[in-house]
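The values are calculated or read from the model by the stated rules, or taken from the named source; none is laboratory data. What you see is a predicted model, and the numbers here were worked out from it, not measured in a lab. Ideal geometry is used to build each Cβ from the backbone, glycine not excepted, and the neighbour counts take in all protein chains shown.
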Amino acid sequence: MEFAVKQKSVREAIVDYIDEHGSTGSRELSLHLGISRQALHAHLRRLIDHGKLFKTGSTRNARYHAAGESQVEEDFAAEFQVTGLDESRIYQRLSLSLNLSRLLKINVESIAHYAFTEMLNNVIDHSDSIRTRVRASLELGKLSFEIKDWGKGVFASIADKFSLDSEQDAMVELVKGKTTTMPDAHSGEGIFFTSKATDRFVLRSHRIQLEWDRARGDVFVSTPRYIKGTSVSVEIKRGSRLKLEDVFSRYAPEEFDYQFQKTRVHVKLLRKDYVSRSEAKRLMQNLDRFRVVELEFRGVKAMGQGFADEIFRVFSLQYPDVEVHAVNASSAIQAMIQHVQTSGE
């Protein structure tokens, strides 16, 4: 208890000093409080994460400001003709408008740059839309942006390209990764890695909405009202410590020559109860393109013997070089997996 009170009092002292002096550097604060720079930075990170302070500059030139000072909220909004559009130039314009290079940590700005340019490039190359709208907002705790087009729609485009029965089937293919309507020009990695690097990522088209929530480690699908084209919404916490290179190293690790060879698929996106082999074949379609497949079973209540056998015995026999792992499976599902594997042996 005494330790917690002491921690709280140090942070209160930091906030009080900055309130009185307007802004400060870490050296000045360290001398004032009589604590080491290392200890001070731990407190500063917590205060930034909780929206009490914000940081400008970096390394020796970094300054810390009270949350209510100067930049409470900044916005950017514009519409563009898609023909001839350059995603990098639009990001530079947005970045200058919101002063992102100065107000965001290096790792956060790197994620923002990647996510924005990848999503806008998708509009340019895939949407067949005449125009696109970009909105962005820099708030105390987060950077958010939305990119909207009025084209064919991401799920409809994939369904047509691969002759799938429905946009729901296209959605399932998309979340696997490596799914693109232009394989000669695109790897199909942009949406996958953006969904893993950002704190909230929402992909909406027609009557399907997919939402990735990093804090909850889950994906959610819903059926809101119909919209034309595609809308992408992204949120990145300003206090995030995630690095873009860490995301790539998880799914495109050194052991795979930095190639995108590992994926994770949320099984519940098909439905919550799985029985038939046909459903299993639908789930595993095109996953032979990977070397490691993680099947996320969170939210799945039951699994039939035929479904389990098709994945964990038949698919594994057909593609012995592909590792298939069940993640967050209930004890009942684990028992079924073990049963079909043992029966196969």
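Could you please let me know if residue 139 is in the same structural domain as residue 198 (by TED's automatic domain parsing), within 24 Å of the chain's Cα centre (by Cα), of a type in the set (D, E, K, R) and at pLDDT 95 or above?
no
Please find, among 321, 273, 309, the residue that is outside the structural domain of residue 211 (by TED's automatic domain parsing), farther than 19 Å from residue 192 by Cβ and at pLDDT below 90.
273
Out of 130, 124, report the one residue that is closer than 18 Å to residue 234 by Cβ and either of a type in the set (Phe, Trp, Tyr) or at pLDDT 95 or above (or both).
124 is the lone residue from the list that is closer than 18 Å to residue 234 by Cβ and either of a type in the set (Phe, Trp, Tyr) or at pLDDT 95 or above (or both).
Between 324, 314, 292, 267, which is closer than 23 Å to residue 208 by Cβ and without any contact (Cβ under 8 Å) to a residue 60 or more places away in the chain?
Of the residues listed, the single one that is closer than 23 Å to residue 208 by Cβ and without any contact (Cβ under 8 Å) to a residue 60 or more places away in the chain is 267.
Being among the charged types (D, E, K, R), crowded, with 20+ Cβ neighbours inside 10 Å and at pLDDT 95 or above narrows it down to one of 225, 204, so name that one.
204
Would you call residue 245 under 30 Å from residue 54 (Cβ atoms) and assigned to a strand (DSSP E or B)?
no
Does residue 306 satisfy the criteria of being assigned to a helix (DSSP H, G or I) and within 16 Å of residue 332 (Cα to Cα)?
So residue 306 fits the description; yes.
Based on what the data block shows, is residue 220 closer than 28 Å to residue 332 by Cβ, surrounded by fewer than 19 Cβ atoms within 10 Å (Cβ to Cβ) and at pLDDT below 95?
yes
Just one of (1) crowded, with 19+ Cβ neighbours inside 10 Å; (2) part of a strand (DSSP E or B); (3) touching a helix residue (DSSP H, G or I) at 6+ places or on another chain (Cβ under 8 Å) trips up residue 191, so point out which.
(2)
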